[in-house]
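Engineer: Sharing a structure with you now.
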Amino acid sequence: MLRILLTLLLALASIQSTYADQSSLHIKDAWTPEAPPGRMMAGFMQIHNAGSSPVAIVDARATGFGHVELHNTTMDEGVMRMRRVDALTIDAGQTLSLEPGGLHVMLIEPQQNFHAGEHIEVVLIDSNGNEYPLQSEIRPRRR
Ligand SMILES: [Cu+2]
């Protein structure tokens, strides 16, 4: 009887930790600057890790885009360049900012036109295969 109870408790514990893993990231303020038709777009957001271990985002996809990469922006002899990064790592208890001039999700090969006020469906994928869906609000470019 005790053995059964223990097995049951262990099973419950493993379900709980799986659930905790998947809900440990809280993503907010996701937005994308409007871009001319056919041009790639960038996704910015705040990613908070409420869990007790680091989470590494290693891949992403977005509805309406053929290809998505994780990018950083660097200054190279006074010229702004974007470079692909292998992962966006968010340490336990920390918030990672994706913002203009820095880290961003690069939305490549748009397959339709997107307009300010619409939302882009983005899914971030971590190194364990957990998926984090979010909606990125398209905002008008500042003029
Ligand atoms: Cu980029």
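The values are calculated or read from the model by the stated rules, or taken from the named source; none is laboratory data. Bear in mind that the values here come from a model prediction, so they are computed numbers and not experimental data. Ideal geometry is used to build each Cβ from the backbone, glycine not excepted, and the neighbour counts take in all protein chains shown. Surface accessibility is based on the protein's heavy atoms, side chains included, excluding ligands, DNA and RNA. Shrake-Rupley method; radii C 1.70, N 1.55, O 1.52, S 1.80 Å.
Engineer: I need a count of the residues in region 80-100 that are within 14 Å of the ligand (Cβ to nearest atom), among the acidic types (Asp, Glu) and over 17 Å from Ile27 (Cβ atoms). It would help to see each step written out before you state the result.
Structural biologist: Within region 80-100, the subset within 14 Å of the ligand (Cβ to nearest atom) is 80-85, 88, 98-100.
Filter again for among the acidic types (Asp, Glu), leaving 99.
Retained after the next criterion (residues that are over 17 Å from Ile27 (Cβ atoms)): none.
Residues meeting the conditions: 0.
Engineer: To continue, here is another question. Please go through region 90-121 and pick out each residue that is hydrophobic (A, V, I, L, M, F, W, C) and within 24 Å of Thr74 (Cα to Cα). Talk me through it step by step, then tell me what you get.
Structural biologist: Filtering region 90-121 for residues hydrophobic (A, V, I, L, M, F, W, C) gives 90, 92, 96, 98, 103, 105-108, 114, 116, 120.
Residues satisfying the conditions are Ile90, Leu96, Leu98, Leu103, Val105, Met106, Leu107, Ile108.
Engineer: Working only within region 122-143, note down all residues that are acidic (Asp, Glu) and over 11 Å from the mean Cα position of the chain (by Cα).
Structural biologist: Glu137
Engineer: For region 31-67: of the residues being closer than 13 Å to Glu109 by Cβ and of a type in the set (Gly, Ala, Ser), which is nearest to the chain's Cα centre (by Cα)?
Structural biologist: Per the criteria, the residue is Ala62.
Engineer: Going by the conditions given, is Asp59 within 16 Å of the ligand (Cβ to nearest atom), under 20 Å from Ile27 (Cα atoms) and open to solvent by 50 Å² or more (accessible area, probe 1.4 Å)? Lay out the reasoning, then the answer.
Structural biologist: Values: within 16 Å of the ligand (Cβ to nearest atom): yes; under 20 Å from Ile27 (Cα atoms): yes; open to solvent by 50 Å² or more (accessible area, probe 1.4 Å): yes.
It is true that Asp59 is within 16 Å of the ligand (Cβ to nearest atom), under 20 Å from Ile27 (Cα atoms) and open to solvent by 50 Å² or more (accessible area, probe 1.4 Å).
Engineer: While we're here: Within region 101-109, is even one residue among the charged types (D, E, K, R), open to solvent by 80 Å² or more (accessible area, probe 1.4 Å) and within 16 Å of the ligand (Cβ to nearest atom)? I'd like the intermediate steps shown before the answer.
Structural biologist: Just the residues of region 101-109 that are among the charged types (D, E, K, R), to begin with: 109.
If we keep only those that are open to solvent by 80 Å² or more (accessible area, probe 1.4 Å) too, we end up with 109.
Those left that are additionally within 16 Å of the ligand (Cβ to nearest atom): 109.
Among the residues of region 101-109, at least one is among the charged types (D, E, K, R), open to solvent by 80 Å² or more (accessible area, probe 1.4 Å) and within 16 Å of the ligand (Cβ to nearest atom), which makes the answer yes.
Engineer: Report yes if Ala13 is more than 18 Å from Ile138 (Cα to Cα), open to solvent by less than 60 Å² (accessible area, probe 1.4 Å) and modelled with pLDDT under 90, otherwise no.
Structural biologist: On the way: more than 18 Å from Ile138 (Cα to Cα): yes; open to solvent by less than 60 Å² (accessible area, probe 1.4 Å): yes; modelled with pLDDT under 90: yes.
Against the criterion (more than 18 Å from Ile138 (Cα to Cα), open to solvent by less than 60 Å² (accessible area, probe 1.4 Å) and modelled with pLDDT under 90), Ala13 qualifies.
Engineer: Thr74 is checked against (1) within 12 Å of the ligand (Cβ to nearest atom); (2) within 23 Å of Asn113 (Cα to Cα); (3) loosely packed, with under 14 Cβ neighbours inside 10 Å and fails just one. What number does that condition carry?
Structural biologist: (2)
Engineer: Looking only at region 116-128, decide whether some residue is open to solvent by less than 30 Å² (accessible area, probe 1.4 Å), assigned to a loop (DSSP other than H, G, I, E, B) and either in contact (Cβ under 8 Å) with a residue 40 or more places away in the chain or not hydrophobic (A, V, I, L, M, F, W, C) (or both).
Structural biologist: The answer is no, given that none of the residues of region 116-128 is open to solvent by less than 30 Å² (accessible area, probe 1.4 Å), assigned to a loop (DSSP other than H, G, I, E, B) and either in contact (Cβ under 8 Å) with a residue 40 or more places away in the chain or not hydrophobic (A, V, I, L, M, F, W, C) (or both).
Engineer: Right, Leu107: within 15 Å of the chain's Cα centre (by Cα), modelled with pLDDT of 95 or more, hydrophobic (A, V, I, L, M, F, W, C) and more than 16 Å from Pro37 (Cα to Cα) or not? Can you show your working first?
Structural biologist: On the way: within 15 Å of the chain's Cα centre (by Cα): yes; modelled with pLDDT of 95 or more: yes; hydrophobic (A, V, I, L, M, F, W, C): yes; more than 16 Å from Pro37 (Cα to Cα): no.
Answer is no for this residue.
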